[in-house]
Amino acid sequence: MQGSANLNLMIKAARKAGRSLVKDFREVENLQVSAKGPGDFVSKADREAERIIKEELRGARPSYGWLGEETGEADGEDPTRRWIVDPLDGTTNFLHGLPHWAVSIALEHKGEIVAGVVFDAAKDELYYAEKGLGAFMNESRLRVSGRRHMIEAIFATGVPFGGRSTLPATLQDLARLMPVCAGVRRWGSAALDLAYVASGRYDGYWERGINAWDMAAGLILVKEAGGFVGPVREGRDIFESGAVIAGNGELYEPLCKILREAH
Ligand code: LIP
């Protein structure tokens, strides 16, 4: 795909941050055995990845706004455009030496995500999409799955941890969904969950209580791969409510029905 200059810039930044994270990820395994553990080291790796991305993106487009997991929000001279960045989505996996984490970079224009990059650096899988131009993984065009029956479908979610208030609602979701589908996965990276919906590996995904930077890039991947995305509660804004549903064309509505009826 012949992407725009902005998409190429996002890909360059994601690859650069990904290289830095892969180096740090190799170190994490050694740190697992030390008494101090890898916690501080991973926070540093996370912050360094955001620094790299910020330097690339804001260096090239100083007028765009910024929303990053590590450094927060900053307005730009151009109020219509902002980068939405999670330098390391799947931090807990990274910390535990599990190779399932990603760099996530999205570009928002007038409140709409117009480009997204999710880079799974450990597996060298680069997912990217631009409005109207389709979604890709490395050189291959992505298409959501064609599964039509809930009982054959695999869904992904994030189960709230550490006492988060969305846990009871998610447990109710699971109680309703699990008996009628082929399985639910919880792999710990919302950005990759959405990329996997875009690539047809999962048939759908939902999560309650996540942040804009976890999902912004993944949302456009799903849409450009022919899937659907929406809020858990009808009429709500996905980012504001922090609750999202995504799915292929056939199963998005049935999934919404199950998740919305539960509450
Ligand atoms: C994480 C997500 C994960 C979700 C967690 C968290 P982080 O992002 O991708 O799937 O369940 O709530 O937000 O913190 O690793 O960037």
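The values are calculated or read from the model by the stated rules, or taken from the named source; none is laboratory data. As the structure is a computational prediction, the values presented were derived from the model and not from experiment. Heads up, the Cβs are rebuilt from the backbone with ideal geometry, glycines too, and the neighbour counts pull from every protein chain shown. Accessible surface areas use protein heavy atoms only, side chains included; no ligands, DNA or RNA. Shrake-Rupley method; radii C 1.70, N 1.55, O 1.52, S 1.80 Å.
How much of the DSSP beta bridge set in the chain is antiparallel, as a percent to the nearest 5?
Approximately 80 percent, going by the DSSP bridge assignments.
Which residues make up the longest stretch of the chain clear of GluC sites (Glu not before Pro) that lie in a DSSP loop with no more than 13 other Cβ atoms within 10 Å, not counting the sites?
140-233
Apply the Kirkwood formula to the stretch 19-174: the hydrodynamic radius equals the inverse of the mean of 1/r over all pairs of different alpha-carbon atoms; give it in Å with one decimal.
After inverting the pairwise mean of 1/r, the radius is 17.8 Å.
Using only the alpha-carbon atoms of the stretch 94-170, report the extent along each of the three principal axes, biggest first, to the nearest angstrom.
So the three principal-axis extents are 39, 35, 32 Å.
Using a Förster distance of 35 angstrom, determine the FRET efficiency expected from the C-beta separation of residue 151 and residue 63, and round it to 0.05.
With R0 = 35 Å, the Cβ-Cβ based efficiency is 0.10.
Using 0.36 nm per residue, how much length does the chain from residue 5 to residue 29 gain when fully extended, once their Cα-Cα distance is taken away?
5.0 nm
Which order do the peptides 86-98, 186-198, 167-179 take when ranked by the mean count of other beta-carbon atoms within 10 Å per residue, highest first?
Result, highest mean Cβ count within 10 Å first: 186-198, 86-98, 167-179.
Testing the spin-label approximation: label points 7 Å from Cα along Cα→Cβ at residue 109 and residue 12. State their distance in nm.
Simple spin-label model gives 1.9 nm for this pair.
Sum up the lysine pairs in the stretch 5-141 that clear both bars: alpha-carbon distance under 18 Å and a spacing of 8 or more or different chains.
Eligible lysine pairs with Cα atoms under 18 Å apart amount to 11.
Quick one: ranking 180, 85 by accessible area, 1.4 Å probe, largest first, what do you get?
180, 85
Which value, in Å² rounded to 10, gives the accessible area of residue 164 with a 1.4 Å probe and all protein chains present?
Counting only protein heavy atoms, residue 164 exposes about 120 Å² to solvent.
Simple spin-label model, 7 Å along Cα-to-Cβ: residue 55 to residue 165 in nm?
Inter-label distance under the simple model: 3.9 nm.
Tell me which residues come under 5 Å, amide H to amide H, from residue 202 once H is placed; ignore anything under 5 positions away on its chain.
197
Quote to one decimal, in nm, the extra length available between residue 47 and residue 257 on full extension: 0.36 nm per residue of separation minus the C-alpha distance between them.
71.7 nm
Hey, what's the Kirkwood Rh for the chain if you take every pair of different alpha carbons, in angstrom?
Roughly 18.4 Å, rounded to one decimal.
Calculate, axis by axis, the spread of Cα positions in the stretch 150-261 along the three principal axes, and write the results as whole Å, longest axis first.
Principal extents (largest minus smallest coordinate, Cα): 34, 31, 27 Å.
Calculate the dipole size of the stretch 1-65 relative to its Cα centre from +1 charges on Lys and Arg beta carbons and -1 charges on Asp and Glu beta carbons; express the result in debye to the nearest 20.
240 debye
With the full set of protein chains in place, find how many percent of the accessible area of the stretch 161-216 is carbon and sulfur; take the probe as 1.4 Å.
Solvent-exposed carbon and sulfur of the stretch 161-216 make up 57 percent of the total.
If each DSSP helix of 4+ residues adds -39,500 (n - 2.57) and the sum is divided by the residues in the chain, what number results at 222 nm, nearest 500 deg cm²/dmol?
Counting only the DSSP helices, I get -12000 deg cm²/dmol.
Excluding ligands, DNA and RNA, what is the solvent-accessible area per residue of the chain at a probe of 1.4 Å, expressed in Å²?
45 Å²
Heads up, I need the accessible area for residue 124: 1.4 angstrom probe, whole protein in place, Å², nearest 10.
Approximately 90 Å² for this residue.
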